[in-house]
Amino acid sequence: MYRSVPPAWRTLVPVYPRCVHHLYAWLRRRPLLVDGAWALLLLGFGLFELIIDQPGDPDVAHVFALSAMSVVLLIRRRTPTLALVLTIVVGLVQLFDDIPPGLEALVMPAIAYSAAAYSPRWASRTALVGSVLAPIAAVVRWWDDPEVGATGVILFTALLMGPFLIAWVLGDSMRTRRAYYVELEDRADRLERERDQQAQIAAAGERARIARELHDVVAHNVSVMVVQADGAAYALDTAPERTREALGTISSTGREALAEMRRLLGVLRSQNEGGAFVPQPGVEQLDDLLERVRGAGLPVDLTVEGIPVELSQGVALTVYRIVQEALTNTRKHGGPNVTALVRLRYLGEDVELDVGDDGRGGAAPGDGMGHGLVGMGERVALFGGRLETGPRPGGGWQVRACLPARPRDGA
């Protein structure tokens, strides 16, 4: 069929659908203009009908009814409830004043559609009742053909009801579909907000975890480096060998801290930048940790009680960090000649950690700037465990934590 179109016209064929689409979109943005055009057409053809039927003196009441219905057609989308009320009033005036319906009756199905689609529920139900009663009232008021039996009158009345009921059903369907679209949009907005909130919560949790890790790494390793640097400064002239050992400890501690920092900062990289990071420390690395602490000048012993069980990675890391933070606090606040003891007990499904010292305890001065105890509490709470910290009855400070060997459901 396309080949039968002359070549000069073929370039115009694809233009027609676009023109129709643009025209339809332009008209949809101007509903008042469309309704106004229909109202003018109704008024013009209605007056023409009256002039033909009543050439001498048109009925003023009929002209009023026609003009009123034209106004109703104009405002049916802006104020559908008012349009419905005016339609009912005009219909009652026609019934009581014996004004036979003309072209203005064509507006009534449109008003039933508008009331069902845009008005409140009570107005929609009123339009439905009117759609049933209006044809019945019109037949009762103006039917004057005695040759048609009751069956014919009933069929004719049902035929008149058809356009009203179809218009009302279409309007109610439009209301339902519009409400469905609004619900979908609200649900999409709600899901988007929830997604953003979950992303913010996840980001906050990750930042808190990284902050805890950084605090543990920096507090422990920098504390060791400071203690070793002070010792090296005192022994620089009198004991060169001890100075060399202290500098070696500072060097190895700095390398370990750098490796830990690289591992922690590595989680901030994108997935495409993945690399080989240092494994997370655990219970197996406690001996190395205590060896470094002893090298920094703090005597500390480790005792293990019970039958060792395999701990989850998170619990093992928490045990390691608590020991690290507790011993760091002992070095900072325990005072001179302080000793520490780390006791690890395996209690079946739980593991208990006890880190104590014989230092100053509650009398130790503090700067109020530390976050170690808060970080330990957050770590323990993450797995549903218990943490107790405070001065020991016989002097010194004690940190006691009880953790599940494996994370429990809900923890």
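A compact table of results
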quantity: Residue pairs meeting the criteria (Cβ under 7 Å; at least 6 apart or on separate chains; first in contact (Cβ under 8 Å) with a residue 40 or more places away in the chain, in the range 300-314; second of a type in the set (A, V, I, L, M, F, W, C) and part of a loop (DSSP other than H, G, I, E, B)); calculated: 309/405; 311/405; 314/383
quantity: Residue that is modelled with the highest pLDDT, among those in the range 376-411 that are aliphatic (A, V, I, L, M) and part of a loop (DSSP other than H, G, I, E, B); calculated: 405
quantity: Scan of the range 346-362 for residues that are of a type in the set (Gly, Ala, Ser) and not in a strand (DSSP E or B), ordered by number; calculated: 348, 359, 361, 362
quantity: Flag if residue 3 is modelled with pLDDT under 75, outside the structural domain of residue 94 (by TED's automatic domain parsing) and either within 30 Å of residue 96 (Cβ to Cβ) or not hydrophobic (A, V, I, L, M, F, W, C) (or both); calculated: yes
quantity: Of all residues in the range 331-358 being among the aliphatic types (A, V, I, L, M) and touching a helix residue (DSSP H, G or I) at 6+ places or on another chain (Cβ under 8 Å), the one that is farthest from residue 400 (Cα to Cα); calculated: 338
quantity: Failed item, numbered, when residue 331 is tested on (1) at pLDDT below 85; (2) within 42 Å of the chain's Cα centre (by Cα); (3) not β-branched (Val, Ile, Thr); calculated: (2)
quantity: Close pairs (6 angstrom Cβ cut-off, 6 or more residues apart or separate chains): at pLDDT 65 or above in the range 357-368, surrounded by 10 or more Cβ atoms within 10 Å (Cβ to Cβ) and β-branched (Val, Ile, Thr) anywhere; calculated: 357/330; 357/338; 358/339; 359/338
quantity: Meets criteria (more than 25 Å from residue 86 (Cα to Cα), more than 37 Å from the chain's Cα centre (by Cα) and modelled with pLDDT under 85) for residue 149; calculated: yes
quantity: Number of the condition not met by residue 325 [criteria: (1) among the acidic types (Asp, Glu); (2) surrounded by 13 or more Cβ atoms within 10 Å (Cβ to Cβ); (3) in contact with a strand residue (DSSP E or B) (Cβ under 6 Å, 6 or more places away or on another chain)]; calculated: (3)
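Rundown of residues vs (1) at pLDDT below 65; (2) assigned by TED's automatic domain parsing to the domain that holds residue 337; (3) surrounded by 14 or more Cβ atoms within 10 Å (Cβ to Cβ), yes/no style:
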| position | (1), (2), (3) |
| --- | --- |
| 240 | no, no, no |
| 260 | no, no, yes |
| 264 | yes, no, yes |
| 269 | yes, no, no |
| 272 | yes, no, no |
| 282 | no, no, yes |
| 289 | no, no, yes |
| 293 | no, no, yes |
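The values are calculated or read from the model by the stated rules, or taken from the named source; none is laboratory data. Not measured: the values here are computed from a predicted model. Note that we place each Cβ from the backbone using ideal geometry, even for glycine, and neighbour counts take in every protein chain shown.
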